[in-house]
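The values are calculated or read from the model by the stated rules, or taken from the named source; none is laboratory data. All values reported here derive from a predicted model rather than from experimental measurement. Every residue, glycine among them, receives a Cβ derived from its backbone with ideal geometry; neighbour counts consider all protein chains shown. We work out accessible area using only protein heavy atoms, side chains counted, and drop any ligands, DNA or RNA first. Shrake-Rupley method; radii C 1.70, N 1.55, O 1.52, S 1.80 Å.
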Amino acid sequence: MKNALESIRAEAGRLIGAVQDAQALDALRVRFFGKKGELTAILKQMGGLSAEERPVIGALANEVREEIDATVRGAAKRLANAERAARLAGETIDVTLPGTRQDLGGRHPLDIVLGELKDIFLGMGFDVVQGPEIEYDKYNFEMLNMPKSHPSRDTQDTFYITENILLRTQTSPMQIRTMLAEKPPIRIICPGRVYRSDAADATHSPVFNQIEGLAVDKGITFTDLKGTLDLFFKQLYGPETRTRFRPHHFAYTEPSAEVDMSCFKCGGKGCPMCKGEGWIEMLGCGMVHPKVLENCGIDSTVYSGFAFGVGLERITLMRYGIDDMRLLFENDLRFLKQFKGA
Ligand code: DAH
């Protein structure tokens, strides 16, 4: 029996020491310690031993059992460590590898110029607001003093959703929305898309961008309008830029004017850019019509205001010397990449 125990000890030590996976280890554990295991079988025979032999063999059997048990535990630990090491090795990230390159786009020229324009007006104390592109006829025309039969609607044919809901033809309805929602003093600009049923050519597009401006307070005069717009053009095109106000007609301003800017190319001498005029037409403006103030519940005997509307595409074309507005909408990367980092 002693021999049998010793050979179990040797066999177990050899097998368990060489085991390579948890399943095999478990099988060995059963082989020696299980109900029908080799060591169990020997222990069962202890009853047949003599009184002298029993304590000696018993002690040896215990020793062998503890030794095998320790070997099994040691092997389990070894396997767990090996498994962990293998997993960590598999998960290693090489932080020195080059990353996946993110191909960053650039800002669109319209967005670049709009950013400058917002900065200029924010600096003068204006807020930037936004409004819906799908608009009520009432706000786009009627409350701006352009009733259904008004001839000035002809130049602003648009896309109708219903008889009274349309794609806005101008950002001017934001004057109405702002004055209905807020009490003076009001100072806002509103950039956004507008629509007209025009065919696209070098200077027209069925969708383009405008920026509306509105200031309403006690004592606002035409001088404020002139000063504000003159400063605006000087900041955008340089301090030597001059402005010229020509009388015009808009239904929602009285008096109304169109503003020309001295040609940034020739400084006013006349060149192909300004078609020999020395001046370039830039925007429409005027003093808010008392009827429009009253339409919005603002007392026109107490308050006055100025308004203007300017096309963003026009300003952008001038800014970069681009000769065709369609370039701004065609998403041609060869064109757009020229503005990257601008
Ligand atoms: N809404 C005009 C247009 O689309 C531009 C304009 C002119 C806006 C005069 C104004 C203004 O606020 O006072 O052509």
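Summary of values
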read-out: Number of positions in the stretch 213-224 that are within 13 Å of the ligand (Cβ to nearest atom) and either under 31 Å from the mean Cα position of the chain (by Cα) or among the basic types (Lys, Arg) (or both); value: 3
read-out: Pairs, first surrounded by 13 or more Cβ atoms within 10 Å (Cβ to Cβ) in the stretch 138-166, second at pLDDT below 95 and part of a strand (DSSP E or B), C-beta under 6 Å, six or more apart; value: Leu166/Tyr160
read-out: Test: residue in the stretch 145-164 that is among the aromatic types (Phe, Trp, Tyr) and under 30 Å from the mean Cα position of the chain (by Cα); value: yes
read-out: Qualifying residue in the stretch 198-212 (condition: over 28 Å from the mean Cα position of the chain (by Cα) and crowded, with 18+ Cβ neighbours inside 10 Å); value: no
read-out: Of residues in the stretch 241-275 being out of contact with any Cys (no Cβ under 9 Å at 6 or more places or on another chain) and over 19 Å from Arg314 (Cβ atoms), the one modelled with the lowest pLDDT; value: Gly267
read-out: Residues of the stretch 167-185 classified as under 21 Å from Ile211 (Cβ atoms), open to solvent by 60 Å² or more (accessible area, probe 1.4 Å) and out of contact with any Lys or Arg (no Cβ under 9 Å at 6 or more places or on another chain), total; value: 4
read-out: Scope the stretch 256-275; condition under 23 Å from Gln235 (Cβ atoms) and within 16 Å of the ligand (Cβ to nearest atom); matching residues; value: Ala257, Glu258, Val259, Asp260, Met261
read-out: Positions within the stretch 226-281 being of a type in the set (A, V, I, L, M) and in contact with a strand residue (DSSP E or B) (Cβ under 8 Å, 6 or more places away or on another chain), in sequence order; value: Leu229, Ala257, Val259, Met261, Met273, Ile280
read-out: Leading residue by the ranking (farthest from the ligand (Cβ to nearest atom)) among those in the stretch 169-180 that are within 15 Å of Lys138 (Cβ to Cβ) and out of contact with any Leu (no Cβ under 9 Å at 6 or more places or on another chain); value: Leu180
read-out: Residue within the stretch 225-243 that is in the same structural domain as Tyr303 (by TED's automatic domain parsing), in contact with a Ser or Thr (Cβ under 9 Å, 6 or more places away or on another chain), β-branched (Val, Ile, Thr) and away from the ligand (no atom under 13 Å from the Cβ) present; value: yes
read-out: Every pair of residues 6+ apart whose Cβ atoms lie under 7 Å, when the first sits in the stretch 93-116 and is modelled with pLDDT of 95 or more while the second is of a type in the set (Ser, Thr, Tyr); value: Pro109/Thr316; Pro109/Tyr320; Leu110/Thr316; Val113/Thr316
read-out: Count of the stretch 305-338 residues which are more than 12 Å from the ligand (Cβ to nearest atom) and small (Gly, Ala, Ser); value: 1
